[in-house]
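K.L.:
The structure that follows is given in the form of structure tokens.
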Amino acid sequence: MDTSSMTQIFSEFLGTMILILLGDGVCAAVNLKKSKAEASGWIVIAFGWAMAVTMAVYISGFMGPAHLNPAVTIAMAMAGNFAWNLVVPFIIAQVLGALVGAFLVWLAYLPHWNQTEDQGAVLGTFATGPAIRNYSANMITEVIGTFVLVLGLLSFSQNSIADGLTPLIVGALILAIGLSLGGPTGYAINPARDFGPRLAHQLLPIATKGDSDWAYSWVPIVGPVIGAAIAAGVYMLMV
């Protein structure tokens with residue numbers, strides 16, 4: 001594997017780490033007891049995730065494509081915009097970056113975990129979960145959200161965008177998805193975003209954490225991949 005490919009793989013690790021550090025960081029700020037942002041609500045979380053994506057793309061995008069999401073990587077390869085031989089290395093880097101990012105969130109909020117007795121709030125800081133548990137409906141929500149995400153990302157390439165503005169526009173897309181479609185499942189729309197932090201939740205020594213809800217964990221993996229594949233197919237028909 002050449003130096004350029006290794007740089008791109010590292011950029012996926014770094015970018016996804018920043019994404020989760022800031023994204024799960026805002027969840028920690030809202031969910032954890034005695035945080036100065038405690039109970040500040042969904043709007044704060046949605047804006048926090050939008051800015052997390054924006055900053056992660058700015059930080060890593062000069063080294064690689066800044067997918068930061070296995071579903072996006074798969075869709076880009078399907079659409080002919082990315083080399084298939086880099087798909088698995090990218091996904092591994094994204095999951096590891098998400099795991100490390102979640103670990104850093106744990107460190108950043110270290111005194112707050114044992115102050116938070118609500119196991120759902122602790123898990124929700126790391127991973128997504130359904131507002132109403134219905135696996136079929138939950139997966140449909142993730143399919144729809146990821147379809148919008150990936151179709152937007154692919155369509156942006158057909159527009160003339162001033163240099164340096166693309167990460168902001170991607171952040172706006174994430175904000176729109178979070179505000180409009182995030183309510184049912186917490187809008188994972190990214191398998192690495194959910195799996196890496198859920199694994200961190202499983203491994204970290206948090207006394208009040210409870211179960212990691214692995215029974216739900218397949219939804220934010222399968223749903224986004226399906227949604228991304230559909231979006232890639234629609235995009236190829238369009239262009």
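The values are calculated or read from the model by the stated rules, or taken from the named source; none is laboratory data. Just so we're clear, the structure is a prediction, and the values are computed from it rather than from any experiment. Heads up, the Cβs are rebuilt from the backbone with ideal geometry, glycines too, and the neighbour counts pull from every protein chain shown. The accessibility values were calculated without ligands, DNA or RNA, using every heavy atom of the protein model including side chains. Shrake-Rupley method; radii C 1.70, N 1.55, O 1.52, S 1.80 Å.
K.L.:
Using 7 Å Cα-to-Cβ label points, what is the LEU96/ILE43 separation (nm, one decimal)?
P.N.:
4.1
K.L.:
So for the range 5-238, taking the charge dipole from beta-carbon charges (+1 Lys/Arg, -1 Asp/Glu), which of MET238, LEU153, PHE82 sits furthest toward the positive end?
P.N.:
LEU153
K.L.:
Could you give the length gained by full extension between MET63 and SER4, i.e. 0.36 nm per residue of separation minus their alpha carbon distance, to one decimal place?
P.N.:
Length gained, MET63 through SER4: 20.4 nm.
K.L.:
Got a sec? Which residues in the range 205-239 would a label at GLU117 touch, if it sits 7 Å along Cα→Cβ and we count backbone N under 13 Å?
P.N.:
Flagged as within label range: 208.
K.L.:
If you don't mind, another one. Using the heavy atoms of the protein chains and a 1.4 angstrom probe, tell me the accessible area per residue for the chain in square angstrom.
P.N.:
For the chain, the solvent-accessible area averages 43 Å² per residue.
K.L.:
Add -39500 (n - 2.57) for each DSSP H run of 4 or more in the chain, then divide by its residues: what number comes out at 222 nm, to the nearest 500 deg cm²/dmol?
P.N.:
-22500 deg cm²/dmol
K.L.:
Here's something else I'd like to know. Over the chain, what is the relative contact order in whole percent, taking alpha-carbon pairs under 8 Å and six or more residues apart?
P.N.:
Rounded, it is 30 percent for the chain.
K.L.:
Provide the packing ranking of 185-194, 19-28, 32-41, 229-238, i.e. peptides ordered by the mean count of other C-beta atoms within 10 Å per residue, highest first.
P.N.:
Those peptides, ordered most packed to least, come out 185-194, 19-28, 229-238, 32-41.
K.L.:
If the cut-off is a Cα-Cα distance under 14 Å, which aspartates and glutamates reach LYS33, setting aside same-chain residues fewer than 8 apart in sequence?
P.N.:
Correct list for LYS33: GLU117, ASP118.
K.L.:
Using only Cα atoms, tell me the angle between helix 166-181 and the longest principal axis of the chain; keep it within 0 to 90° and round to the nearest 10.
P.N.:
Compared with the principal axis, the helix lies near 50 degrees.
K.L.:
A further question follows. Taking 30 Å as R0, compute the FRET efficiency from the Cβ-Cβ separation of ASN81 and TYR135 and round it to 0.05.
P.N.:
FRET efficiency, ASN81 to TYR135: 0.45.
K.L.:
Based on Cα coordinates alone, diagonalise the gyration tensor for the range 200-239, multiply each eigenvalue by 5, take square roots, and list the semi-axes in whole Å, largest first.
P.N.:
36, 9, 5
K.L.:
The list (i) 19.2; (ii) 17.0; (iii) 17.7 gives values of Kirkwood radius over Cα pairs in Å, and only one came from this structure; which label was calculated from it?
P.N.:
It is the value labelled (iii).
K.L.:
Next question. If you average the alpha carbon positions of the range 190-239 and of the range 94-134, how far apart do those two centres end up, in angstrom?
P.N.:
14
K.L.:
Another question about this same structure. What residue among THR116, THR73, THR141 shows peak mean-square fluctuation when the chain is described by a Gaussian network model with Cα springs under 10 Å?
P.N.:
Looking only at THR116, THR73, THR141, the biggest GNM fluctuation is shown by THR116.
K.L.:
May I pose another question? Carbon-plus-sulfur fraction of the accessible area of the chain, 1.4 Å probe, in percent?
P.N.:
68
K.L.:
Specify the inter-centroid distance of the range 21-82 and the range 166-182, based on alpha-carbon positions, in whole Å.
P.N.:
Using only Cα atoms, the two centres lie 10 Å from each other.
K.L.:
Continuing with this model, one more query. For ALA172 and MET236, calculate 0.36 nm times their separation in residues minus their Cα-Cα distance, and state this gained length in nm to one decimal.
P.N.:
20.7 nm
K.L.:
Using a 1.4 Å probe, how large is the accessible area of ASP118, given in Å² and rounded to the nearest 10?
P.N.:
ASP118 has an accessible surface of roughly 90 Å² with all protein chains in place.
K.L.:
Using +1 on the beta carbon of Lys and Arg, -1 on that of Asp and Glu, and nothing else charged, what's the dipole of the chain about the Cα centre, debye to 20?
P.N.:
Computed charge dipole of the chain: roughly 220 debye.
K.L.:
In nm, to one decimal, how far is the SER157 label point from the TRP214 one, both placed 7 Å along Cα→Cβ?
P.N.:
According to this spin-label approximation, the distance is 3.7 nm.
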